[in-house]
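The values are calculated or read from the model by the stated rules, or taken from the named source; none is laboratory data. Given the structure is predicted, the values throughout are model-derived calculations rather than measurements. In this analysis, Cβ positions are derived from the backbone assuming ideal geometry, glycine residues included, and neighbour counts consider all displayed protein chains.
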Amino acid sequence: MKYLSTIVSIILISFTGAKIARAQVPEDWQLGFQEAATPVMERIVSFNDILFWMCVIISLFVFVLLGILIFKFNRKANPTPTKRSHNTVLEILWTVIPVVILVAIAVPSLRLLYYQDRAVDAEMTIKATGYQWYWSYEYPDIDAEFEITAVMIPEEELQEGQYRLLETDERVIVPVDTTIRMLVTADIEDVIHAWSVPAFGVKIDAIPGRVNETWFRATKEGVFYGQCSELCGAYHAFMPIAVEVVSKKEYAEWAEKAPEIYGEKIPETPANIALAEPR
């Protein structure tokens, strides 16, 4: 009975488009997106909901049509098959209708792609660089030069309430309600990575020798997690991303202290990131 109720719940959730996850981290048996934390992700969720119902309607139509063909035109019900070879009206319909459906999908899809492409009037910039297997971050808008290296915290060092394979020893600190330009690349002698935070609706490749650009504007405070989303070697699964969104006042205080805190630190290199390797 327990398993039956679980199966029924999953089916009902699937057909109603309901979202299980309402947090900034993945959840067990999650079927939907994480809760949107940026305008881009809000649009992605809305577009996904539209596509979901379009797929449901098309699938139901195909199943009904298939059922009619099976029961109405089988050998027993229809012993003498028709010899009609074509139907002009029907052929026009099954050409025009799919074209209309594809256009209806393509137009909002392209609008969304262009909307999430580049920041308009960005208020600050962060540069993320991917290495095997960690991320480093720079804040070009802060006058002093410094680099933050974020390495995964090993499972045996996690504190209560921290998430396995998602926590880093340093977090990306950003202010809430601020348009942030993300410049993403990988070390010139490294491999391709991808900087991805699901709650932000952001996923962009980090390519050696090339700088890609995206943006986000977090609308709520909290810690949001992501992971490298491009297969990049043996420890690809151990390359998390943690972004902490704070108030503008807290960010200003952090930005004032950051050069002093991180300017004296020696950035990690692939030779001394043993903490990032699984035990």
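Among residues of the range 23-67 being under 16 Å from Ser109 (Cβ atoms) and not hydrophobic (A, V, I, L, M, F, W, C), the one that is surrounded by the most Cβ atoms within 10 Å (Cβ to Cβ) is Arg43. When the range 236-259 is filtered for residues that are in a loop (DSSP other than H, G, I, E, B) and hydroxyl-bearing (Ser, Thr, Tyr), only Ser247 remains. Among the residues of the range 194-228, those identified as within 11 Å of the chain's Cα centre (by Cα) and either under 21 Å from Glu155 (Cβ atoms) or in a strand (DSSP E or B) (or both) are Ala194, Trp195, Ser196, Val197, Val202, Lys203, Ile204, Tyr225, Gly226, Gln227, Cys228.
Scanning the range 154-168 for residues that are on the phi < 0 side of the Ramachandran plot, in contact with a helix residue (DSSP H, G or I) (Cβ under 7 Å, 6 or more places away or on another chain) and in contact (Cβ under 8 Å) with a residue 12 or more places away in the chain yields a count of 1. For residues that are over 11 Å from Phe216 (Cα atoms) and among the charged types (D, E, K, R), scanning just the range 108-122, find the one that is surrounded by the fewest Cβ atoms within 10 Å (Cβ to Cβ). If we take residues in the range 108-122 being over 11 Å from Phe216 (Cα atoms) and among the charged types (D, E, K, R), then Asp121 is surrounded by the fewest Cβ atoms within 10 Å (Cβ to Cβ).
Does the range 176-190 contain at least one residue that is of a type in the set (S, T, N, Q) and closer than 19 Å to Tyr251 by Cα? Yes, there is a match, as at least one residue in the range 176-190 is of a type in the set (S, T, N, Q) and closer than 19 Å to Tyr251 by Cα. Is the range 77-89 home to any residue that is under 30 Å from Tyr251 (Cα atoms), of a type in the set (Lys, Arg) and outside any strand (DSSP E or B)? No, because not a single residue in the range 77-89 is under 30 Å from Tyr251 (Cα atoms), of a type in the set (Lys, Arg) and outside any strand (DSSP E or B).
Consider Pro198 carefully, then state whether it is at pLDDT below 95 and crowded, with 17+ Cβ neighbours inside 10 Å. When the stated conditions are applied, Pro198 passes them. Of all the residues in the range 75-106, those that are under 30 Å from Thr214 (Cα atoms) and surrounded by 10 or more Cβ atoms within 10 Å (Cβ to Cβ) number 5.
Taken together, the criteria place Gly130 among residues that are out of contact with any Lys or Arg (no Cβ under 6 Å at 6 or more places or on another chain), closer than 28 Å to Phe216 by Cβ and surrounded by 14 or more Cβ atoms within 10 Å (Cβ to Cβ). Note on the range 204-213: among residues that are surrounded by 15 or more Cβ atoms within 10 Å (Cβ to Cβ), touching a Ser or Thr at 6+ places or on another chain (Cβ under 8 Å) and not hydrophobic (A, V, I, L, M, F, W, C), the one that is farthest from Gly32 (Cα to Cα) is Pro208.
The residues of the range 225-279 that are modelled with pLDDT of 90 or more and among the β-branched types (Val, Ile, Thr), listed by number, are Ile241, Val243, Val245, Val246.
Scanning the range 160-187 for residues that are buried (at least 21 other Cβ atoms within 10 Å of the Cβ) and among the aliphatic types (A, V, I, L, M), we see that the one that is nearest to Val245 (Cα to Cα) is Val174.
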